[in-house]
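Notes follow the structure.
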Amino acid sequence: MTFKNKTSALVQSCPAFIAITLMLSISSANAGFLDSIQDVQRAVNSIGQTADTLRGSKQAVTDLSAEVGLTAQDSPSDTSAQLGGVVIGEGMLLAGKLKSTKLYAQADKNSMQVSDLSQDDTIIYMGKEHNGYYHVQTDKGEGWVSKPLVGIKY
């Protein structure tokens, strides 16, 4: 009797052999599947750790900025700003809303006053905003005006 015939006879006479063989096949397939799931879990954990690191770095930068005295509002922005929801750009004409608007040397109401501007004065936005003030040029000088006190001149 050849090996093939012996194996065939064993398989036919032993249904348990077939069951064991099937279970081993399924078991090895499940093991591969479980390994794949574990690989995915490791990748997700790695992504989570990276996200946590980035959040920590962002917080550290924010804390350092606050420590040094910089905030988003305090840092100058260039070329455009928003005035009443309308984007204004460098060179646009503004007008004072009051009969008289103060022009300051710095973006601070405690700084030296350069001039008083009337509603008829031409005010040109110079493209910088800082601390709630616009940097402007007028016939009466260059300086800063408080944002709420000016509007777009049409």
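The values are calculated or read from the model by the stated rules, or taken from the named source; none is laboratory data. Given the structure is predicted, the values throughout are model-derived calculations rather than measurements. Here the Cβ is made from the backbone with ideal geometry for all residues, glycine too, and neighbour counts use every protein chain on show.
Any idea which residue in the stretch 116-137 is nearest to the chain's Cα centre (by Cα), counting only those that are polar (S, T, N, Q) and at pLDDT below 95?
Applying the first criterion (polar (S, T, N, Q)) to the stretch 116-137 yields 118-119, 122, 131, 137.
Next cut, at pLDDT below 95 only: 118-119, 122, 131.
Details: SER118: 41, GLN119: 39, THR122: 37, ASN131: 22 Å.
Filtering the stretch 116-137 for residues that are polar (S, T, N, Q) and at pLDDT below 95, the one nearest to the chain's Cα centre (by Cα) comes out as ASN131.
Quick grid of which residues meet (1) loosely packed, with under 10 Cβ neighbours inside 10 Å; (2) at pLDDT 75 or above; (3) in contact with a helix residue (DSSP H, G or I) (Cβ under 9 Å, 6 or more places away or on another chain); (4) among the acidic types (Asp, Glu):
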residue	(1), (2), (3), (4)
ALA43	no, yes, no, no
THR53	no, yes, no, no
ALA72	yes, no, yes, no
ASP78	no, no, no, yes
TYR104	no, yes, no, no
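Number of residues in the stretch 87-126 that are under 16 Å from GLY141 (Cβ atoms) and not in a loop (DSSP other than H, G, I, E, B): the value is 17.
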